[in-house]
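J.: I am attaching a structure below and will ask some questions about it afterwards.
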């Protein structure tokens with residue numbers, strides 16, 4: 001962070017910079033970024049305030065560390081821990097009810113896209129994941145699973161098309177829709193030039209401070 005923060009000191013104020021570290025780093029980063037424009041997100045959140053839920057982190061715990069966002073429904077928990085859309089919705093609603101902004105991840109696998117099921121799968125994830133929520137206080141991140149950590153990148157126009165569909169399905173023009181999937185310094189300008197992409201969810205490229213700063217400081221076309 002000592003390298004990254006100076007690199008984004010002049011980033012336009014209308015851009016929200018959010019970092020989602022492992023839970024173990026939240027307390028340290030809460031102190032490090034408190035005088036900067038960087039905000040904090042958790043990588044997940046539980047739907048109960050308290051109880052016997054070993055290994056889970058409650059919204060109250062996150063609030064103690066000044067966390068403002070919570071990622072839910074990321075492709076890895078969906079894949080490795082079989083998280084359902086219902087569970088993801090519970091997590092998102094819990095975050096929102098405590099004043100945290102949920103970042104709800106949706107996206108299709110390579111197999112689903114090949115079978116022509118991408119739109120059906122994403123729409124189900126959006127509708128069930130956002131059920132009972134205020135769409136003006138949520139972020140939806142479209143992350144095609146086949147483009148995460150594979151080096152493959154969804155074409156910007158196709159990503160824009162899907163993000164536009166998500167916006168129409170939600171029915172709230174103001175909703176923030178992001179794209180995530182092998183976002184890098186060499187494609188960020190094109191991605192952010194798209195009409196329906198409001199931001200990006202960055203994975204591996206965020207591990208290098210210079211790379212991440214270049215993404216934050218993308219050039220408007």
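J.: Within the stretch 29-40, can one find any residue that is touching a residue at least 12 places away in the same chain (Cβ under 8 Å), surrounded by 19 or more Cβ atoms within 10 Å (Cβ to Cβ), more than 29 Å from residue 6 (Cα to Cα) and in contact with a helix residue (DSSP H, G or I) (Cβ under 7 Å, 6 or more places away or on another chain)?
T.: No; the residues of the stretch 29-40 include none that is touching a residue at least 12 places away in the same chain (Cβ under 8 Å), surrounded by 19 or more Cβ atoms within 10 Å (Cβ to Cβ), more than 29 Å from residue 6 (Cα to Cα) and in contact with a helix residue (DSSP H, G or I) (Cβ under 7 Å, 6 or more places away or on another chain).
J.: Mind counting the residues in the stretch 97-111 that are at pLDDT 95 or above and over 19 Å from the mean Cα position of the chain (by Cα)?
T.: Here the count works out to 0.
J.: I'd like to check which helices (runs of 4 or more DSSP H) are fully inside the stretch 84-203 and have at least 2 residues that are free of Cβ contacts under 8 Å to residues at least 24 places away in the same chain, crowded, with 16+ Cβ neighbours inside 10 Å and touching a strand residue (DSSP E or B) at 6+ places or on another chain (Cβ under 9 Å).
T.: none
J.: Quick one: count up the residues across the stretch 1-24 that are free of Cβ contacts under 8 Å to residues at least 12 places away in the same chain and closer than 27 Å to residue 138 by Cβ.
T.: 3
Condition check ((1) under 16 Å from residue 18 (Cβ atoms); (2) more than 17 Å from the chain's Cα centre (by Cα)) across all residues:
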{"site": "162", "(1), (2)": "no, no"}
{"site": "166", "(1), (2)": "no, no"}
{"site": "172", "(1), (2)": "no, yes"}
{"site": "175", "(1), (2)": "no, no"}
{"site": "188", "(1), (2)": "yes, no"}
{"site": "193", "(1), (2)": "no, yes"}
{"site": "198", "(1), (2)": "yes, no"}
{"site": "214", "(1), (2)": "no, yes"}
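The values are calculated or read from the model by the stated rules, or taken from the named source; none is laboratory data. Every value quoted in this text rests on a predicted model; they were computed, and no experiment measured them. Please note: Cβ atoms are built from the backbone with ideal geometry, for glycine as well, and neighbour counts cover all protein chains shown.
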